[in-house]
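Report on one structure; see the data block that follows.
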Amino acid sequence: MRKANYAPMYCALYPQLAEIARSHGYALAVHGTLARDMDLTCIPWTESPADPADVVKTITSTFALKTVGEPDTTHHGRERWTISIGFGECFIDLSFMPRHHDSRQSNKISEGESAPCNP
């Protein structure tokens, strides 16, 4: 039998975290095992997603959580934040994929249409 972990608590938080991400223009994806921490990635999903700091501020104020240290930049330009849940070794590792504004594509794609596929 494996040691108990925080996965059930992380799963209970996910729906509200996903709604916060959505309200700021991001899709939220879970990756990892949820055994030690909750690894989440915010993926820009609208033309003008909010600044990552605004998303983190909403999360920390909604759940009375605290950030740990300063955000850093990791692989492929992801901005990574650590959020302490406040007990034990329980925390959220929240990454944001870079927000790119390609005017050529954004002018060609309207809401609900797909981007052209170039081989």
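Coordinate-derived values only; no laboratory data. None of these values were measured; they are calculated from a predicted model. Cβ sites come from the backbone with ideal geometry, for glycine too, and all protein chains shown count toward neighbours.
Pairs of Cα atoms under 8 Å, at least six residues apart: use those to get the relative contact order of the stretch 16-99, whole percent. Write down the numbers at each step before the final one.
Details: 148 pairs, mean separation 23.9, N = 84.
Dividing the mean separation by the residue count of the stretch 16-99 yields 28 percent.
Hey, rough spin-label estimate for SER48 and PHE63, points 7 angstrom out along Cα→Cβ, what's it come to in nanometres?
Inter-label distance under the simple model: 2.9 nm.
Counting other Cβ atoms within 10 Å of each Cβ, which GluC sites (Glu not before Pro) in the stretch 1-109 have at most 16 and sit in a DSSP loop?
Details: sites: GLU19, GLU47, GLU79, GLU89; in loops: GLU47, GLU89.
Within the stretch 1-109, the qualifying GluC sites (Glu not before Pro) (loop, at most 16 other Cβ atoms within 10 Å) are GLU47, GLU89.
Please sort by residue number the trypsin sites (Lys or Arg not before Pro) in the stretch 1-74 whose DSSP state is loop and whose Cβ has at most 12 other Cβ atoms within 10 Å.
Details: sites: ARG2, LYS3, ARG22, ARG36, LYS57, LYS66; in loops: ARG2, LYS3, ARG36.
Sites meeting the loop and neighbour criteria: ARG2, LYS3.
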